[in-house]
1. So, in the range 30-83, of the ones that are out of contact with any helix residue (DSSP H, G or I) (no Cβ under 6 Å at 6 or more places or on another chain), among the hydrophobic types (A, V, I, L, M, F, W, C) and at pLDDT below 90, which residue ends up surrounded by the fewest Cβ atoms within 10 Å (Cβ to Cβ)?
2. Got at least one residue in the range 2-25 being loosely packed, with under 10 Cβ neighbours inside 10 Å and of a type in the set (D, E, K, R)?
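The values are calculated or read from the model by the stated rules, or taken from the named source; none is laboratory data. If you're wondering where the values come from, they're calculated on a predicted model, not measured in any experiment. Positions of Cβ are generated from backbone atoms using ideal geometry, with glycine treated the same way; all protein chains shown enter the neighbour counts.
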Amino acid sequence: MRRACDMMLRSTLRYWAEGSRVTAAWAAAYYRKKKDEHKNHETALRCLGQRWLKILWKMLKENKPYDEARHTRDQIRHGQWKLTLGADLVKPQSVQMQMEI
């Protein structure tokens, strides 16, 4: 973990990742996967935050809103990680993040 970074950005990503575990089923599954790899809570959240940054970058490049169904479909198609949902996860609500540039 870098110590010489923007602490406000790091904190924002951490809270974003923490909140996304409630609304996005794939985020909860990704977090659980990192925990199963014996990562601690903060490290797993940082990994999830990095994943969100990649998604945000793609959204900005394409000038399109976030679509969870598309993201999950792309992840399964590319086989980057397997989405395994347990019965304890609640289905995410339809959350649309509108990007205005």
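1. Once the filter is applied, the top-ranked residue is Ala69.
2. Here is the first cut: in the range 2-25, the ones loosely packed, with under 10 Cβ neighbours inside 10 Å are 2-5, 7-8.
Those left that are additionally of a type in the set (D, E, K, R): 2-3.
Yes, some residue in the range 2-25 is loosely packed, with under 10 Cβ neighbours inside 10 Å and of a type in the set (D, E, K, R).
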